[in-house]
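Written out below as structure tokens is the structure these notes cover.
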């Protein structure tokens with residue numbers, strides 16, 4: 001049986017790069033693409049601008065329905081990418097704090113390693129925004145490979 005890698009996905013170019021890395025760097029693996037819907041994120045845990053005046057009320061049933069639609073679009077994209085690599089991919093979904101759900105998934109399933117994207121923020125940006133990747137690295141029961149976006153701090157004071 002092949003090893004399972006966990007790749008958290010949110011529809012961002014960086015999570016796509018992490019998925020590509022997982023496919024490129026690891027032979028004979030099965031990849032689990034995990035999307036976590038964060039109830040604290042009004043943007044449906046997807047890389048999109050949200051106008052809260054026109055979107056469903058945050059936390060409402062309609063909001064969760066919309067988050068599910070966004071998640072399915074993310075899963076469609078990752079399935080297409082997996083097909084390009086002729087890779088074995090499973091999609092999974094969770095609701096809650098992303099770092100906690102990623103670690104929980106790795107603990108509860110036969111996951112050999114986690115590959116995830118990080119914007120590589122530092123200094124004040126990191127203090128303000130926190131770092132899901134940092135929390136996963138410090139808490140995960142398995143090796144975590146972080147694919148970084150070195151240009152994330154460009155132009156920030």
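The values are calculated or read from the model by the stated rules, or taken from the named source; none is laboratory data. Please read all numbers here as calculations on a predicted model, not as lab measurements. Glycine gets a Cβ as well: all are built from the backbone with ideal geometry, and neighbour counts include every protein chain shown.
Search region 82-103 for residues being in a helix (DSSP H, G or I) and in contact with a strand residue (DSSP E or B) (Cβ under 8 Å, 6 or more places away or on another chain), and hand back the single one that is nearest to residue 45 (Cα to Cα). Checking each candidate, the answer is 98.
Within region 86-107, residues that are on the phi > 0 side of the Ramachandran plot and touching a residue at least 60 places away in the same chain (Cβ under 8 Å) have Cβ atoms under 8 Å from residues that are surrounded by fewer than 19 Cβ atoms within 10 Å (Cβ to Cβ) and in a loop (DSSP other than H, G, I, E, B) in these pairs: 96/39, counting only partners at least 6 apart in sequence or on another chain.
Only one residue in 110, 41 is in a loop (DSSP other than H, G, I, E, B) and under 25 Å from residue 148 (Cβ atoms). Which one? First the steps, then the outcome.
Values: 110 fails: under 25 Å from residue 148 (Cβ atoms).
Exactly one of 110, 41 is in a loop (DSSP other than H, G, I, E, B) and under 25 Å from residue 148 (Cβ atoms), namely 41.
When residue 31 is tested against (1) modelled with pLDDT of 90 or more; (2) exposed (fewer than 15 other Cβ atoms within 10 Å of the Cβ), only condition (2) is not met.
The residues in region 70-92 that are out of contact with any helix residue (DSSP H, G or I) (no Cβ under 9 Å at 6 or more places or on another chain), within 15 Å of residue 34 (Cα to Cα) and surrounded by fewer than 16 Cβ atoms within 10 Å (Cβ to Cβ) can be counted, and the count is 5.
Scanning region 17-38 for residues that are under 18 Å from residue 99 (Cα atoms), in contact with a helix residue (DSSP H, G or I) (Cβ under 7 Å, 6 or more places away or on another chain) and not in a strand (DSSP E or B) yields 19, 38.
Cβ separations smaller than 7 Å between residues 6+ apart or across chains give the following pairs from region 1-30 residues that are touching a residue at least 60 places away in the same chain (Cβ under 8 Å) and on the phi > 0 side of the Ramachandran plot to residues that are buried (at least 22 other Cβ atoms within 10 Å of the Cβ) and assigned to a helix (DSSP H, G or I): 11/74.
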